[in-house]
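The values are calculated or read from the model by the stated rules, or taken from the named source; none is laboratory data. Bear in mind the structure is a predicted one, so any value in this text is a computation, not a measurement. Don't worry about glycine lacking a Cβ; one is built from the backbone with ideal geometry, like all the others, and counts go over all protein chains shown. Protein only, heavy atoms only, side chains kept; ligands, DNA and RNA dropped before computing areas. Shrake-Rupley method; radii C 1.70, N 1.55, O 1.52, S 1.80 Å.
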Amino acid sequence: MGRPRLHATAEERAAAARKYRQDYYERNKKTISVKMAAKYKARRASKLGKKKREPAKAAQLSGYSPQTKEQVTEQETSIPDTQNQVSEHKTSPPDSTVHPVDLQKRIQDIQTAVVETTAPHAEDYFEHLYSSLTKNSNDYQLRLLIISDALKLLEGHSLQARTLEADLLQEKGVANLLSEAQELTQKLRDMTRAAEELWCFIVEDADTAKLIQQHSREQLRFQQRTIDI
């Protein structure tokens, strides 16, 4: 006789998955907080650096450094040119090439991490995961460990993608990057939900019989081909 089901309804399974995510955060909140604080400090340092550069440029244009009489006389005769330079400096747009490049790199870093997580079975990642779970049908603890590790990795990548998307929403002129980040966030959200479904089957089904049945009917979430890994 198999182990009795822990969760009888879809609502109970969803609640169990939600509790798992909360427990994961509680176990790793120090690491998550450190990473978020580092990102905040980096963004703030970047903004402060820009503010400091602006007064330095203005000071260079205003000519506060000690000068000889000849230099003062020379500057007095060229005031119109100096005013034109100040005007050009005020009207010229700020250099914003560094920030988008940094955001683009963050997107690429997350994409690389996802590839490393799914390698070497990127095309059939969930089929390989399903095979690993059913192959070890007699070892409940091992199956739970396999799916829990996969879920932790996907949730970590998903958190990074959501954080990046939130940062991009605060920026201007990054519509293309925002669209790319939103697509990545949705992809990771779908992958995480597919992993959560497998986790629920493992928790409630001691012998994986129901999981195998759903797979044979192609009714698992990852079999709907809505996930582009």
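A few notes on this one:
- Residue in region 179-195 that is more than 13 Å from the chain's Cα centre (by Cα), part of a loop (DSSP other than H, G, I, E, B) and in contact (Cβ under 8 Å) with a residue 40 or more places away in the chain present: no
- Flag if ASP207 is more than 15 Å from the chain's Cα centre (by Cα) and open to solvent by 30 Å² or more (accessible area, probe 1.4 Å): yes
Yes/no matrix, rows are residues, columns are (1) crowded, with 19+ Cβ neighbours inside 10 Å; (2) under 22 Å from ASP102 (Cβ atoms):
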residue	(1), (2)
HIS121	no, no
GLU127	no, no
ASP139	no, no
SER148	no, no
LEU154	yes, no
GLU180	yes, yes
GLU218	no, no
PHE222	yes, no
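- Conditions (1) in a helix (DSSP H, G or I); (2) open to solvent by 80 Å² or more (accessible area, probe 1.4 Å); number of the one not met by GLY173: (1)
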